[in-house]
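Just below is one structure, and these are the notes that go with it.
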Amino acid sequence: MSELMPETMAGPRRLRTLLGDYPGTAALRSGVLTSDRVRFDFADYPSVVDGLKPMIRDRAFDVSELAIVSYLVARDFGKPLVLLPVTTTGRLPHARALYNGERGRLWPSDLAGKRVAVRSLTTTTGVWLRGILANDYGVDLHRIEWVTFEDPHVAECREDGTRAPAGRTILQMLLDGEVDVVLGETSADPRLKPLFPDPRAAGEAWFRKYGVTPINHSVVVTRAMHDDDPGSVQEVVRLLKQSNDLGLSRDSTPFGVEAMRPALQMLIDYAVQQNLVSRSFRVEELFSDLTLGLI
């Protein structure tokens with residue numbers, strides 16, 4: 001058989017894929033969208049977050065959703081991953097800062113000397129909230145005792161702070177008065193109140209001020225796939241964009257480097273301010289020559 005046989009005659013490339021179920025990914029996950037070039041073999045995890053550490057540490061997937069701060073830290077440590085100009089989730093985080101109302105009212109200005117819990121200091125929602133508290137409310141992050149519950153996704157990353165006792169959960173510690181505030185969580189428990197008294201209004205005011213939709217998760221591919229098969233990388237981005245458009249989720253999921261730039265630059269600044277990365281990256285450095293030009 002001729003060695004010049006078209007690539008598609010061998011069948012689509014099967015891609016180990018970690019991708020959450022969102023309006024913008026539904027057409028892809030359900031099989032409504034298909035391709036002659038690539039086929040997605042979706043990993044089955046209770047939560048997509050469970051697959052982020054295997055992706056960074058073991059390259060468990062060819063294509064993977066990834067928390068953007070985890071990518072910044074991975075990039076800082078030279079991990080062989082390449083960012084795509086694709087966002088899967090983005091949201092204003094103001095509703096995800098809680099305190100225990102039974103123990104008295106707390107305001108952002110009260111946080112000095114308090115114990116504040118977050119799953120990990122590199123958790124993206126937590127980084128957004130700490131950046132907002134520091135830059136918009138004047139909170140000195142160094143005067144807070146940070147309590148964490150899990151290791152960063154990047155094994156080499158070392159975090160400051162106090163590790164919560166084994167077996168304790170973040171919301172239960174808040175209810176029990178062992179921490180004063182938690183970041184990055186939601187709860188229907190009526191005892192737990194938002195640190196920002198009207199989080200929707202606070203989020204809308206922040207958005208009017210900056211015009212930025214915070215990015216939480218984006219998508220990466222392995223450096224091996226990127227270098228060996230750039231055509232499949234282009235096809236992955238095309239399909240993700242088409243699925244996103246079918247899901248009508250454009251407002252909350254910026255696509256393309258320029259659309260993502262304001263949020264990425266702000267998050268880079270926050271990560272440097274919080275000592276999570278060793279230097280300030282240019283937005284262009286987060287991509288490759290190939291992925292910079294997609295979309």
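The values are calculated or read from the model by the stated rules, or taken from the named source; none is laboratory data. Just so you know, these numbers come straight off a predicted model, no measurement behind them. Neighbour counts run over all protein chains shown; Cβ positions are idealised from the backbone, glycine included. We work out accessible area using only protein heavy atoms, side chains counted, and drop any ligands, DNA or RNA first. Shrake-Rupley method; radii C 1.70, N 1.55, O 1.52, S 1.80 Å.
Of the solvent-accessible surface of the chain, computed with a 1.4 Å probe and all protein chains present, 48% belongs to carbon and sulfur. Measuring from label point to label point, each 7 Å out along Cα→Cβ, what is the ARG223 to SER30 span in nm? Going by the 7 Å Cα→Cβ label model, 3.9 nm. Note that the chain presents 46 Å² accessible area per residue, ligands and nucleic acids not counted, probe 1.4 Å.
Across the range 212-221, computed HN-Hα scalar couplings (Karplus, 6.51 cos²θ - 1.76 cosθ + 1.60, θ = phi - 60°) run 10, 9, x, 8, 9, 10, 10, 10, 10, 10 Hz from first to last residue, x flagging Gly and Pro.
Scaling the Cα radius of gyration of the chain by the globular reference 2.2 N^0.38 Å produces a ratio of 1.06. Going by Cα centres, the range 71-134 and the range 142-201 are how many Å apart? With the range 71-134 and the range 142-201 each reduced to a Cα centre, they are spaced 10 Å. Can you give the local net charge around GLU159? Use residues other than it whose beta-carbon is closer than 12 angstrom to its beta-carbon, Lys and Arg +1, Asp and Glu -1. Counting the neighbours of GLU159, the net charge comes to -1.
Among the listed pairs LYS79/LYS241; LYS53/LYS209; LYS114/LYS193, a Cα-Cα separation exceeding 28 Å is found for LYS53/LYS209.
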